[in-house]
Structure formats: structure tokens, C-alpha cells
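J.: Sharing a structure with you now.
The values are calculated or read from the model by the stated rules, or taken from the named source; none is laboratory data. Keep in mind the model is a prediction, meaning the values are calculated, not measured. No Cβ is skipped: glycine too gets one built from the backbone with ideal geometry, and neighbour counts run over all protein chains shown. Note: areas computed on protein heavy atoms with side chains; ligands, DNA, RNA excluded. Shrake-Rupley method; radii C 1.70, N 1.55, O 1.52, S 1.80 Å.
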Amino acid sequence: MRDIGLVLLFCLVFAGCPTTSLPPLTQDFRLEEDETRLWLRFEETEKWIQKSGLIYHDEGLEIYLNDIAQKLQPPATLKNISFRIKILKYHLPNAFSFPTGLILIDTGALSRLENEAQLATILGHEMIHTTHRHALKKFRDSKNKSAFLATVTYGTGGLGSIIGALGALTTVMSYSRELETEADTEGFKLMAGAGYDPEEAPKFYLYMRKEYEEEKIKEEHFFGTHPRFQERAENYENLLKTKYKDKQGGVQNSEVFMEKIHRVILDNASLDLKAGRFKIAERGVEKYLTIKPNDPKAYCFLGEIYRQKAEKEDLEKAKEHYQKAISIDPSYPDAHKGIGFIYFKQGEKEQAKKCLKQYLSLSPQAMDKAYIEEYLKQCNGGEKP
């Protein structure tokens with residue numbers, strides 16, 4: 001009798017406490033009351049992100065990414081969740097998912113992947129965060145739900161405030177190691193089940209660990225939601241040694257993937273250069289050149305990396321790359337400008353004047369025309385060109 005009384009007391013005390021033991025959305029789908037509020041906040045945030053200027057627009061690539069996502073999930077799940085893949089312009093590599101089905105993957109991650117199988121690993125992981133209702137579990141675990149909901153909302157301001165707001169959102173949304181491991185395990189199952197090569201799963205994370213060690217970068221991401229790269233890689237390697245030890249081979253689709261993302265690789269290298277990450281930017285351009293070996297823009301970009309870095313012998317290396325760009329396409333204006341700046345810095349004013357004049361003749365409406373004319377004026381000893 002006393003035991004029954006204890007059970008009744010337990011039920012009364014905890015009747016109002018929502019459970020964090022939730023079935024995935026692959027089953028009969030019904031939003032709970034607090035989940036509905038959470039979804040509404042994320043829907044507001046999605047609208048704000050679309051207007052933020054951070055979205056990287058490439059319709060063909062977006063279609064390709066969404067097609068891969070469709071391969072990973074069974075039709076029953078896709079009826080419940082409308083997954084949408086969007087790309088963010090940010091050089092640090094990561095991805096993030098909303099409970100509503102939006103998955104954000106940044107250019108920093110895409111540009112470092114080698115094939116479709118590695119991409120499917122990331123997408124599968126993020127999809128599990130959504131289908132297994134990890135955001136709701138995190139919300140229910142939160143001690144201050146009002147602060148949680150206040151963070152998951154849109155904001156205003158320039159790029160800095162946008163990045164700051166998203167950073168705050170993802171800090172609040174950081175998942176426990178247990179939930180991340182579940183996303184690894186179940187996402188791996190999606191990736192392998194879709195026919196992709198499971199051996200590719202840990203490679204992106206191992207590569208990123210090496211890059212961060214070489215560059216002595218602290219693991220601070222735009223989206224700080226994942227445990228360290230090493231932990232991600234170890235989870236996948238353990239799965240390969242146990243549940244998937246007998247599974248050999250599978251789809252990689254490296255050539256198709258590289259052709260689809262080649263523009264992202266070069267654009268992200270530009271973001272790395274702006275962040276002062278010269279070696280990583282150079283690595284990105286060299287990767288791009290394995291896909292598009294005769295693009296003068298890429299060689300000009302390599303020249304710009306060395307010109308800005310300006311360490312010992314860098315200016316001569318920069319000059320070589322600019323000249324390579326000119327040899328491929330003499331009408332490419334930026335290469336003439338870049339090499340002109342180097343000649344000017346080296347005190348070869350006549351050569352600088354010749355190159356900068358060539359730049360303006362090839363690009364008469366250049367936005368920096370007045371700036372270049374100031375250089376030409378100095379080449380003429382202070383007189384107008």
C-alpha cells in the first residue's frame with residue numbers, strides 16, 4: 001500500500017515535467033505545445049537569415065545538395081520534415097540544423113570536402129539532430145527557457161551583429177556529447193544505407209584536425225555546436241571497426257562533387273584571405289586549380305595571396321603567378337594591376353605605370369579607377385597621368 005502511495009506522489013510531482021525521452025519524427029508526427037513555440041522561433045530566425053546577406057547563392061549547387069539530402073532519408077520521414085539545405089558564406093568549417101528541417105552548411109566546410117560520401121556524412125549527422133528532436137531535448141533540459149527562446153530569434157544590424165547573433169544562437173543550441181554521438185551513429189547509418197562509402201566518414205574531421213594543428217587555430221567555430229574534430233573522427237572510426245567492419249566500398253562521386261563545388265572553393269579561399277589565413281587560402285586555390293587548371297582568376301588570386309603576405313621571396317612568387325594569369329589570358333585586368341603594384345613597391349615606376357595603365361585600359365569603368373590614378377600620378381613624379 002505504501003509503495004502505491006509513493007508511485008502516486010511521484011506522478012503528482014512530475015506530471016508537469018515534460019520528458020526528454022522522445023520518439024523520433026519518423027513515427028506518427030505531432031508537435032507538442034512547447035515544441036510548437038520552439039518551431040515558431042526557428043521559423044522567424046530562418047526568415048531573418050534569408051534576408052541577412054549571409055546566404056551563398058548558387059541555385060544549381062543548392063539543388064544538388066538537396067538531392068543528396070533526399071537520398072538519405074526514407075519517404076515516411078520526408079513527409080514529416082521538409083529538409084532544406086542552404087549555404088552560408090563563412091570560412092570556418094561547420095554545419096548546423098534547425099528543428100524545422102533547415103540545414104545550414106558553410107562554404108568553409110564545403111570547400112574542404114573531397115566527395116559526396118563525406119558530404120552525406122555531414123548531412124546525415126545534421127538530419128538526425130532534426131528527426132530525433134535534439135533541439136527540443138536541449139530546450140527541455142534548459143534551466144532558463146525564457147532566455148533560450150529569446151536567443152532563438154531574429155535580429156537587425158550589419159554583418160558583425162548577424163554573425164554575433166548566430167553565434168549566440170548556436171551557443172545556446174550546443175548539444176551534449178550523448179546527443180552528438182547519437183547523431184554520428186544514426187547519421188552514419190543513413191549515409192551507409194544510401195550506398196555511400198563508409199570509409200569516407202571520418203576523413204573530413206581528420207583533415208580538419210590536421211589543418212587546425214598546423215595553423216595552431218583554436219577550435220572556435222562560427223557554429224560551436226560540435227565536440228572536437230578528434231571526437232567526431234573517433235566515433236566514425238569505432239563504427240567502422242564494429243557495426244560496419246564487413247561493409248566494403250560504396251559511392252564517392254568525387255568528380256561530380258568537385259565540379260559542383262569548384263566555385264565555392266575559390267570564393268571561400270577569398271574569405272580565408274580576408275581573414276589573414278594565407279596558407280589555407282593558398283591551399284584552397286591550389287585545390288581549385290586541380291579542377292580548373294587554366295583559370296587566370298585563380299593564378300591572379302595566388303599572386304594576391306603572396307603579394308599580401310609579403311614575406312621573404314613572396315613578391316617574386318606573386319609576380320610569377322600574375323604573369324601566369326596574363327599568359328593564359330592577356331585581357332584579364334586584375335593580373336596587370338597586381339603586378340603593377342609589385343613593380344611600384346620595388347621602385348620600378350616605369351614598369352608599374354605600364355601595367356597600371358594596361359589595367360585601366362582593360363577595365364575603364366573600374367571601381368578603383370581614382371585609386372589607380374593616384375598611383376600613376378606618383379609614377380609620374382606627382383604629375384597627373
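J.: Once a ≥ b ≥ c are taken as the square roots of the eigenvalues of the Cα gyration tensor of region 327-371, is the result rounded (a/c under 1.5), prolate (a/b larger than b/c) or oblate (a/b not larger than b/c)? Display every interim value, and only then the final one.
T.: Details: a/c = 2.13, a/b = 1.26, b/c = 1.69.
Verdict is oblate for region 327-371.
J.: Can you sort ARG133, ARG41 by solvent-accessible area, 1.4 Å probe, largest first?
T.: ARG41, ARG133
J.: Specify the angular offset, from 0 to 90 degrees and rounded to the nearest 10, of the alpha carbon long axis of helix 59-72 from the longest principal axis of the alpha carbons in the chain.
T.: 30
J.: On to the next question. From a point 7 Å beyond the Cα of THR181 in the direction of its Cβ, which residues of region 238-259 have a backbone N at a distance under 14 Å?
T.: 238-239
J.: To the nearest 10 degrees, how steep is helix 333-345 against the longest Cα principal axis of the chain, on a 0 to 90 scale?
T.: With both axes taken from Cα atoms, the answer is about 70 degrees.
J.: Further, regarding this structure: What does the extension gain come out to for GLU234 and SER174, with contour length at 0.36 nm per residue minus their alpha carbon separation?
T.: In short, 19.7 nm is gained.
J.: MET258: accessible area at probe 1.4 Å, nearest 10 Å²?
T.: Answer for MET258: close to 30 Å² accessible.
J.: To continue, here is another question. If you rank PHE42, PHE278 by how much accessible surface each has, with a 1.4 Å probe, what is the order from largest down?
T.: Solvent-accessible surface, decreasing: PHE278, PHE42.
J.: Given a 1.4 Å probe and every protein chain left where it sits, what share in percent of the accessible area of region 256-379 is carbon and sulfur? Show your work: numbers first, answer last.
T.: On the way: 3090 of 6300 Å².
The value for region 256-379 is 49 percent carbon and sulfur by accessible area.
J.: Towards the positive end of the charge dipole of the chain, with charges on Cβ (+1 Lys, Arg; -1 Asp, Glu), say which of SER174, LEU302, ILE339 has the farthest Cα.
T.: Among SER174, LEU302, ILE339, the one farthest towards the positive end of the dipole of the chain is ILE339.
J.: Work out the FRET efficiency for GLU215 and ASN380 from their Cβ-Cβ distance, taking R0 = 35 Å, and round it to the nearest 0.05.
T.: Plugging the Cβ-Cβ distance into 1/(1 + (r/R0)^6) gives 0.25.
J.: Something else about it: Which one is right for this structure if Rg and Dmax of the Cα atoms in Å is calculated from it: (1) 25.7, 104; (2) 20.2, 60; (3) 22.5, 71?
T.: This structure yields the entry labelled (1).
J.: Still on this structure, please answer the following. Calculate one ³J(HN,Hα) per residue across region 28-43 by plugging θ = phi - 60° into the Karplus curve 6.51 cos²θ - 1.76 cosθ + 1.60, and present them in order as whole Hz with x for glycine and proline.
T.: So the Karplus estimates, Gly and Pro as x, are 3, 9, 8, 5, 7, 4, 5, 5, 4, 4, 5, 4, 4, 5, 5, 5 Hz.
J.: Still on this structure, please answer the following. Taking the simple approach of a point 7 Å from Cα along Cα-to-Cβ for both VAL251 and ARG37, what is their distance in nm?
T.: Inter-label distance under the simple model: 4.2 nm.
J.: Would you mind computing, in nm to one decimal, how far apart the modelled labels at GLU316 and ALA76 are, each placed 7 Å from Cα along Cα→Cβ?
T.: The answer from the label model is 6.8 nm.
J.: Further question: Can you give me the accessible area per residue for the chain, using a 1.4 Å probe, in Å²?
T.: 50
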